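Here is the structure we will look at, set down as structure tokens.
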Amino acid sequence: MEDNLTNIENLETTEEVVSTETQTEVETTTEWKAPTSQEELDTMIKAAVNKSNTEILKSLGVKSIKEFKEQKTEFETKYNEFGNIVNERDEYQTKYQGLENELKSLKEESVLNKLNIQEDYKNDLKQLALAQVTEEKNFEQVLTEMVNDRYKYATRGTSQVRLGTERNQTQQENSNVSPELGKKYPWLNK
């Protein structure tokens, strides 16, 4: 029972302390003096701005203005470095795109040469073939079909290029004479 009485007494004293503290806070906030000069007004405004800035920075986790300025400088440095890296990436991407286009052009030119297309028809056939390229058929397949089906006149003679073969081998492969007749009558192989 005595413990309860002491607790009640402690509560009463605590309430008195709290109530006196809140009264002093209320009294200090109600004691506002109007500025008598422009200088006092400017000083009060600067103090209020500094106080609000400090509160905002504290709410953001910044402990001091000096620390904030250091973090800002560090952030700006990293941001500039990032910008430089992005610019470098863009340059490399542009170079890559240019090289990729050049490779594609060289491959197309190689196919045109492989099929022995005449110079006058190269650009026209190239454009027609590129318009028909799909995922299933690449440029070479489309152009080969076009030349074999409709545009045989655009080629320069035979489309077979034989490198590293002897003349007799080529003649024997291209001749319509059977091997037995070729042996018996050699002048037919010429």
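The values are calculated or read from the model by the stated rules, or taken from the named source; none is laboratory data. Worth saying up front: this structure is predicted, and the values here are computed from it rather than measured. All Cβ positions, even for glycine, are placed from backbone atoms using ideal geometry, and neighbour counts span all protein chains on display.
Those residues that are polar (S, T, N, Q) and within 29 Å of the chain's Cα centre (by Cα), I need them from the range 98-153; list them, please. If the condition is that a residue be polar (S, T, N, Q) and within 29 Å of the chain's Cα centre (by Cα), then ASN101, SER105, THR134, ASN138 are the ones that fit. Within 30 Å of ASP149 (Cβ to Cβ) and among the hydrophobic types (A, V, I, L, M, F, W, C): is that true of ILE65 in this structure? When the stated conditions are applied, ILE65 does not pass them. Among the residues of the range 54-72 satisfying the criterion of being surrounded by 10 or more Cβ atoms within 10 Å (Cβ to Cβ) and of a type in the set (Ser, Thr, Tyr), which is modelled with the highest pLDDT? Only one residue fits best here, namely THR54. For beta carbons closer than 7 Å, sequence separation of 6+ or different chains, a first residue in the range 124-138 that is in a loop (DSSP other than H, G, I, E, B) and a second that is aliphatic (A, V, I, L, M), the qualifying pairs are VAL133/VAL142.
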